[in-house]
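Values quoted throughout were computed directly from the atomic coordinates according to the rules given, and no laboratory measurement underlies them. This structure is a prediction, so every number in the text was calculated from the model and none was measured. Note that each Cβ is placed from the backbone with ideal geometry, even for glycine, and that neighbours are counted across all protein chains shown.
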Amino acid sequence: MKQRVENLFSEQLNEWADFKERTEQLNCLELKEFNFGTHRIIAQFNPARAVSTGAKLDAKSIAERKCFLCRENQPDVQRGIDINDRFCVLVNPFPILKKHFTIPLKSHEKQEILPYIADMLDFAKLLDDYTIFYNGAQCGASAPDHMHFQAVTKGQLPIESDCKNAKYVLLSENSRGTIKELKNLGRRCLLIEANDKNYGLSLFRQIYSQLAFQKDEEPMMNVFCYYNSEGWHLIIFLRKAHRPSQFYAEGADHIMVSPGAIDMAGVMVLPRKEDFDKIDRKTIADIYSQV
Ligand SMILES: [Zn+2]
């Protein structure tokens, strides 16, 4: 599967000029790194993300647009490969990171993680060079009406290394897996580590049930999953809000920032140059504390 995904990426680069151009632009993006001692945040100036960052995500706006994850609305040049019987893999035509894929469900069903969490663990093992991630419908998904995961090659997200060194409180432990609450990362974060898939799933479901205060409403979360020789690692960011006050502010206080999963993992995407120029440690810390 890894080889087929690699092939898809290089074939789409050859046959899809816009995708190639946006992929090459990633190499020239301006970055600023902020070291908080216990963790790193990388600010990325990415003008191509303006549409997505500023997008209207209310139910009416979503219902009125054509769903770009449904096959019939995709450009002819876009191709996908099946990763299991329910999901396929596509290149992300608006990448934020290198080798950035979208893994949509093959039918138009709402974004929710609980029915698909086992698929996520399967994909992490199948694509063990990649980190798989999930954006909650209310906290980062640009298609909240169509279930999808995303994947990027490992090593691009600061949280992957920061979570290994973080201080933590152990919430659950036995020989098959643990739950840790990570400390001092500037945002709420839980880490499940499990060498047994079913046990890892049961730990995730335990956490989910503790967070699901309202019936039929998914707790706001961004979830990352990667697999290595020690097993599965699930990083869960608990969200309070999608957008911080700066997004709604006017004038000099306005910052166009809509933190989704990638931002929570330590790459803050800023589509406007003036925001990128003025962003500082204090504002970054404030944005994370709000969301
Ligand atoms: Zn759709």
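Listing for the model above:
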{"item": "Gyration tensor (Cα) of region 16-148, equivalent ellipsoid semi-axes in angstrom", "result": "24, 19, 17"}
{"item": "Separation of the Ser202 and Lys98 label points, Cα + 7 Å toward Cβ, nm", "result": "4.1 nm"}
{"item": "Listed residues Leu234, Leu57, Leu29, most fluctuating in the chain (Gaussian network, C-alpha, under 10 Å)", "result": "Leu29"}
{"item": "Rg/Rh ratio calculated on Cα atoms of region 121-183 (Kirkwood radius)", "result": "1.02"}
{"item": "Sorted largest first, extent of region 227-291 alpha carbons per principal axis (Å)", "result": "49, 23, 18"}
{"item": "Bins of 10 Å, starting at 0 and running to the largest distance - Cα pair percent for region 72-193", "result": "11, 38, 36, 13, 2"}
{"item": "Residue-wise HN-Hα coupling along region 71-88, computed from phi with Karplus coefficients 6.51, -1.76, 1.60 (Hz; x: Gly, Pro)", "result": "3, 5, 9, 8, x, 4, 6, 6, 10, x, 10, 5, 9, 8, 6, 10, 10, 10"}
{"item": "Ranking of Lys278, Lys215 by count of other Cβ atoms within 10 Å, fewest first", "result": "Lys215, Lys278"}
{"item": "Order of Phe87, Phe123, Phe213 - criterion: other Cβ atoms within 10 Å of each residue's Cβ, fewest first", "result": "Phe213, Phe87, Phe123"}
{"item": "Volume in Å³ per residue [convex hull over Cα atoms, computed for region 17-94]", "result": "176 Å³"}
{"item": "Estimated translational D of region 34-74 in µm²/s (Stokes, Kirkwood radius over Cα pairs; 4 °C; 1.567 mPa s)", "result": "96 µm²/s"}
{"item": "Residue-span extension gain [Ala118 to Asp18] - 0.36 nm each, minus C-alpha spacing", "result": "32.6 nm"}
{"item": "Relative compactness, region 175-291, computed as alpha-carbon Rg over 2.2 N^0.38 Å", "result": "1.24"}
{"item": "Ascending count of other beta-carbon atoms within 10 Å, so fewest first, for Ile62, Ile287", "result": "Ile62, Ile287"}
{"item": "Spin-label pair Arg79/Lys240, simplified geometry with 7 Å Cα→Cβ offset, distance in nm", "result": "4.8 nm"}
{"item": "Spin-label zone in region 97-123 - amide nitrogen under 16 Å from a point set 7 Å from the Cα of Leu26 along the C-beta vector", "result": "97-103"}
{"item": "Approximate shape of the chain as ellipsoid semi-axes (Cα gyration tensor, √5λ), whole Å, largest first", "result": "26, 25, 19"}
{"item": "Additional length obtainable on full extension of the chain from Ala212 to Ala63, 0.36 nm per residue less Cα span", "result": "51.1 nm"}
